[in-house]
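A short worksheet on the structure shown next.
No value in this document is a laboratory result; all are computed from the given coordinates. The model shown is predicted, which means the values in this text are computed figures rather than measured ones. Cβ placement follows ideal geometry from the backbone for every residue including glycine, while neighbour counts extend to all protein chains displayed.
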Amino acid sequence: MSETMIQMQNISKRYTLSFEVHRHALEDVTISIHRGEFVAVTGPSGSGKSTFLAIAGLIDTPTSGELTLAGRSMTQADEDERTAFRASTCGFVFQFPSLIPTMTVRENILLPTMLQAQNRPKRWRKEKGAADSGSFSRTAGQAISPDDRADQLLDRVGLLDKQHDLPYRLSGGEQRRVALARALIHHPPLLLADEPTGALDPENAALIMRLFHELNRDGTTIVMVTHDMEIAGQTERMISLKNGLCIRD
Amino acid sequence: MRNTATIAWRNLKRKPARTVLLMGSAAITAFLLFASYFFLHSMERSVQASGERLGADLYVVPKGYGGQAGEMTISGTATRFYMSEHMLEPISRIPEVEHIAPQLYLQTVNTVCCKVEGEFPIVAFDPNRDFTLQAWTTLKKGEFAPNELLIGSEAGGKNYLYHYDYSTIQEKVVLFNHTFLVRNLLFPTGMGTDKTIFMHLDTARRLIRGERLVEMQSEEQKHGTVNAVGVETPIPDDAISILLIKAKPGTTEFVKRQIERLQLPVDVVKGTGLRDSLKTQLFPVKILSYAIITMMILMSGLQAATMFSAIISERRKEIGMLRAMGASRWTASQLLLTEAGLAGLIGGMVGVTLSYAGLYDNRVLIMQLMKLPLLFPDLLTGLWLGLIIILLTVMIAVVAAWLPIRSALRIEPYEAIREGE
C-alpha cells in the first residue's frame, strides 16, 4: 500500500456566525488520500469543498478531529510548523489567480521562493528541517536554482515569451497558468486546487487539466475542488460532499 | 531585505492616490513636529537670553549707586558713575561666581546710525567676558573686533532687524571722531537697550585716554569734513560702571555676602529675578506646548492607524494568499510594515525639508511678526533634529500599521482570503 499524503479522521469545522448561530462546514469527515493520487472533490455550493481543501493545505484549522499530513500529525502543530510545512510541501491554485499586479509574470512565479527565503531564518530552518523529515519533498530536480525552475515552468505552461509582461496584459487563462506555475515553483509534492478551471473557456480548461495530468504522472498528489462533473470525471478518484458530510468516495 | 523593499515600493506605486495620502499625512506630521520643536526651542533660547541679558543675579556698582543698578541695565541709560576695574579681580575669585562681565557706560550721543539720526546711549562691554549680549546676537565669541559695534535692534530703525543674521552689516557709524563698522544687531527686547550702541571695552579705554585711533579714521575724518562727537571727560582710565554677575544656581545670596565681606567700595544689588520669573511664568506654556506636541503625535498615530486599518482590511485576501504561499506571519508583516515605513520615511523627509526650508527662508519675517528670536540650530543639529523627526514619523507609521496588521495575521489564511473576497 502506498504512503498516505492526507489522513483526515473525524474532521469537523464549525464557523461561528453570531453568538448563537454556528454553521458546520465539515462534519465528521474521515478520508485518506495517498501519495500520487489525483482526487476531485465535488459538491454543490456550501457543501464544504473549499473548507476541506483549506484544512488539507493547513490554511485553516479544524474544530475537531485528527489531521495527519505526510505521516506527521498536524492536529497540534503551531503556526510556525504549519507555515514551514506549507512552504515545503503544499502548492495552492485558487479560483482567482490573485497575481501581484506590479510584478512581472516571472516575478510572480518566483514570489513564493522569495517569501520563504524571508521567513525568520533560525526558527524556520529548524522547523523546515522537521517538516521535511516527515514530508514527501522530492529531491529529484530540486537541485536546480529557482530561476532555472521558473524557466522550466514558464516553458511548461507556455508563457516563456510573456515572462516579462505584467499580469494585466494576460488573458484569464494565461493568468491561471501563471498561478499554477507559481504554485509549483518550490516542487510541492501536494497540489491543492480550488476550482482551477472555473470561468475558463473549454480550451484553457483542457490545457490546465492536461498540465495537471502531467504533474500527476510526475508523482504530484493533486486534490482539486470542482463542481464541474465533466472535469471531475477526468480524475481517478472523486469525493462528494454535501452539507459538510462526505456522501461518496 | 532588498526584495521586501522592492515589493513594498511597487505596492506603494500600485495605488498612487492612497500612497500620496499616506505620505501626505506623514509629511504633515513631520512638518508640524519640526516646526513645533523649532518654535519651542527658539522660545526656550529666547527666555534664556532674556534671563541672561536682563536677569544677572547680582549687580555690583560704586558705593551709593545701588538704587540705580537695575534700571541702568534695563533702560540702557548712560549714567555717570564709575569704579575701578580692580574690583573685578577679587570678586571673580569667588568660586561660586560663574560669570562676571564688566560694562562701562560712556555717554549718550547724537549721531547717525545706519542712516537713522537719534540719541544713542553708548555702552562698552568686554566681549571675552560677556554673558549678557551673546545670546541676543548671531555673533560668536571672539568674532568681535575693536573697530566694530553691536547695535540694539532699533538703533538702525524699526526694520533693521532684517539684517539680524548677516555676518557683517556694511554700515559705518562715526563715534568720537572715529569710524566704526556695525558688525551685528541684537534681537529686540522692547526696552531702552534696543537703542543702545555697544562697543569694545578696550576701544572705549583708548578713546578715554585720548588716543587717536588712526586705523579707524575715515578719509573724510582725516580731511576734517565730518563733524563727529568727542568723548566727554573726565572718565577715569580704568573705569567700569557696573559688574554683572551670574552666580552658580542657589548661591546668589551667598555670593552677595561674600562680596560684601571683601569690603570693597561697592554696592551689591540682587537682580530682579527676571530669569526665574520668566521661567516660572513660561513653565505652564512650555508644559502645554509639550502636551500639544504629544497630543499631535497621538492624533497623527490614530489617524495613521485608521488609514492603515482600512488599507489592511482591503488587502486581507492578499495577506491570506501570501501566507498560503508559505510566507510566515513575520514575513507577511515585514512586507506590510516596510510599506508603512517607506511611506513614513518619504513623507517624513518631505515634511522636514519643507518645514526647514520654509522656516529658514522666512525667518526674518517670522521674527518681525512674532517678535521671537528664531535662533536656528546649526547645520549638524538641524540634521540630527531632522533625522530624529523622520525616524519618529517612520515609527508612528510602523506602529500605526502594526495594530491592523497584527489583527489580520491572527486569523487563518483561508479566513483572510474569504473575508477579502
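One table, with the values for the structure above:
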| read-out | value |
| --- | --- |
| Share, in percent, of DSSP beta bridges within chain A that are antiparallel, nearest 5 | 55 percent |
| Relative exposure of B:V255, B:V20, B:V269, judged by other C-beta atoms within 10 Å (fewest first) | B:V20, B:V269, B:V255 |
| Calculated FRET value between B:L380 and B:I293, using beta carbons and R₀ = 25 Å, to 0.05 | 0.65 |
| Chain A: Cα Rg divided by the 2.2 N^0.38 Å rule of thumb | 0.99 |
| Neighbourhood charge, 14 Å Cβ-Cβ cut-off, centred on B:S84 and excluding it, Lys, Arg +1 and Asp, Glu -1 | -2 |
| Rg(Cα)/(2.2 N^0.38 Å) for region B:278-351, N = residue count | 1.67 |
| Dimensionless Rg ratio for region A:156-249, taking C-alpha atoms and the 2.2 N^0.38 Å reference | 1.16 |
| Semi-axes of the equivalent ellipsoid for region A:1-115, Cα gyration tensor, largest first, Å | 26, 20, 15 |
| Excluding exposed DSSP-loop GluC sites (Glu not before Pro) (at most 16 other C-beta within 10 Å), longest clean stretch of chain A | A:21-235 |
| Calculated [θ] (222 nm, deg cm²/dmol) that DSSP helices of n ≥ 4 give over chain A, each run adding -39,500 (n - 2.57) | -11000 deg cm²/dmol |
| Residue exposure sequence - A:F212, B:F198 - by fewest surrounding Cβ within 10 Å | A:F212, B:F198 |
| Entries in B:K172/B:K256; B:K172/B:K286; B:K63/B:K286; A:K162/B:K15; A:K242/B:K317; A:K49/B:K13 that, when Cα-Cα distance is taken, lie over 30 Å | B:K172/B:K256; B:K172/B:K286; B:K63/B:K286; A:K49/B:K13 |
| FRET efficiency for A:S73 and A:H24, using Cβ-Cβ distance with R0 set to 25 Å, rounded to 0.05 | 0.60 |
